[in-house]
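To start, the structure itself, in structure tokens.
The values are calculated or read from the model by the stated rules, or taken from the named source; none is laboratory data. No experiment lies behind these values; they were computed from the predicted model shown. Cβ: placed from backbone, ideal geometry, glycine included. Neighbour counts: every protein chain shown. Side chains are part of the model used for accessible areas, which takes the heavy atoms of the whole protein and leaves out ligands, DNA and RNA. Shrake-Rupley method; radii C 1.70, N 1.55, O 1.52, S 1.80 Å.
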Amino acid sequence: MSTTLKVALAVRTGESEYGTPVDIFDADLVRFISDAGFVVAVLPNEVSAVGPILEDADLVVLTGGSEPVRPAGHAPTGRRQIAEAVTLNAAIAGSIPLLGICRGMQVLNCHFGGTLKALPPGHRHAGTEHMVALWPSRLATALATNPPLTVNSYHDNAVASVGTDMRVAAMSEDGEIEAIEHMSLDVYGVMWHPERLLSAPSSGGLGGEMLRRVSRRRELA
């Protein structure tokens with residue numbers, strides 16, 4: 001079996017100086033995934049590109065961004081939402097593991113029928129660090145660390161209710177859901193950015209080994 005691993009990395013949308021649509025990827029995240037031993041295949045927000053890129057992917061990573069998240073039961077609108085919907089359906093049908101980071105976790109939660117909420121004024125979840133308690137889960141095992149875990153935080157929205165067959169994998173000190181996973185599918189989400197540390201990592205649980213453990217080649221970890 002080849003040890004070459006491939007991550008299909010979803011990207012943000014933007015606009016060029018000429019007003020044309022562009023896709024934007026985070027260089028730190030590409031470096032983080034590459035350092036974990038994966039080949040990165042950038043997944044553009046074009047439906048026609050989804051199938052070929054996912055064909056031999058070991059993991060799909062849904063990333064952050066400021067674009068609206070499609071609520072459960074709503075039709076997708078805009079390039080990113082439409083591409084995400086196709087990507088999610090194809091990955092689930094093809095048994096390709098999914099990892100959502102920050103906004104990506106919110107997308108996964110809503111895809112399975114969950115809801116989101118805006119955090120109240122004065123919340124402590126943007127541009128800071130806080131501790132999370134890990135709940136018994138496959139994701140907690142993949143993080144390979146002893147709770148509690150110190151993570152970063154860059155979000156103004158949070159999970160209000162988890163989707164069907166989803167469960168909580170981590171909670172913050174102030175009671176917000178910080179990680180989720182599907183009960184039977186290889187679908188995971190974290191609200192922190194493992195590639196974007198504010199201080200020295202508190203444990204190996206934030207490292208790229210987590211990616212290998214949740215990927216289709218996790219037996220190689």
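For segment 159-188, which residues satisfy the criterion of being in contact with a Ser or Thr (Cβ under 9 Å, 6 or more places away or on another chain), over 27 Å from ALA57 (Cα atoms) and open to solvent by 40 Å² or more (accessible area, probe 1.4 Å)?
ALA160, SER161
Could you go through segment 72-86 and let me know if any residue there is closer than 23 Å to VAL214 by Cα, open to solvent by 60 Å² or more (accessible area, probe 1.4 Å) and either over 16 Å from the mean Cα position of the chain (by Cα) or not aliphatic (A, V, I, L, M) (or both).
No, every residue in segment 72-86 fails to be closer than 23 Å to VAL214 by Cα, open to solvent by 60 Å² or more (accessible area, probe 1.4 Å) and either over 16 Å from the mean Cα position of the chain (by Cα) or not aliphatic (A, V, I, L, M) (or both).
Report, ordered by the first and then the second residue, all pairs with beta carbons closer than 7 Å, sequence separation of six or more or different chains, a first member in segment 103-114 that is of a type in the set (A, V, I, L, M), and a second member that is part of a loop (DSSP other than H, G, I, E, B).
MET105/MET191; VAL107/VAL69
For segment 137-171, how many residues meet the condition of being assigned to a strand (DSSP E or B) and basic (Lys, Arg)?
Residues in segment 137-171 being assigned to a strand (DSSP E or B) and basic (Lys, Arg): 1 in total.
Being modelled with pLDDT under 95, of a type outside the set (A, V, I, L, M, F, W, C) and in a loop (DSSP other than H, G, I, E, B) is the filter here; which residues of segment 177-214 pass it?
Of everything in segment 177-214, those that are modelled with pLDDT under 95, of a type outside the set (A, V, I, L, M, F, W, C) and in a loop (DSSP other than H, G, I, E, B) turn out to be HIS193, PRO194, GLU195, ARG196, SER199, PRO201, SER202, SER203, GLY207, GLY208.
Going by the conditions given, is PHE25 among the aromatic types (Phe, Trp, Tyr), under 19 Å from MET210 (Cα atoms) and under 16 Å from the mean Cα position of the chain (by Cα)?
When the stated conditions are applied, PHE25 does not pass them.
Any idea which of (1) over 24 Å from GLU178 (Cα atoms); (2) open to solvent by less than 50 Å² (accessible area, probe 1.4 Å); (3) in contact with an Asp or Glu (Cβ under 9 Å, 6 or more places away or on another chain) is the one PHE112 doesn't satisfy?
Checking PHE112 against (1) over 24 Å from GLU178 (Cα atoms); (2) open to solvent by less than 50 Å² (accessible area, probe 1.4 Å); (3) in contact with an Asp or Glu (Cβ under 9 Å, 6 or more places away or on another chain), the one that fails is (1).
Just one of the numbered conditions (1) buried (at least 18 other Cβ atoms within 10 Å of the Cβ); (2) over 24 Å from ARG196 (Cβ atoms) is not true of ILE101; which one?
Only one criterion in (1) buried (at least 18 other Cβ atoms within 10 Å of the Cβ); (2) over 24 Å from ARG196 (Cβ atoms) is unmet by ILE101, namely (2).
Between residues in segment 9-21 that are over 11 Å from PRO44 (Cβ atoms) and without any contact (Cβ under 8 Å) to a residue 40 or more places away in the chain and residues that are of a type in the set (Lys, Arg) and open to solvent by less than 30 Å² (accessible area, probe 1.4 Å), which pairs lie under 9 Å by C-beta distance while being six or more apart or on different chains?
Listed by first residue and then by second, the contacts come to nothing, as the list is empty.
Which of the residues belonging to segment 116-136 are open to solvent by 30 Å² or more (accessible area, probe 1.4 Å), touching a residue at least 12 places away in the same chain (Cβ under 8 Å) and outside any strand (DSSP E or B)?
Result: HIS123, ARG124, TRP135.
What's the total number of residues in segment 56-86 that are among the hydrophobic types (A, V, I, L, M, F, W, C), free of Cβ contacts under 8 Å to residues at least 40 places away in the same chain and in a helix (DSSP H, G or I)?
The total comes to 3.
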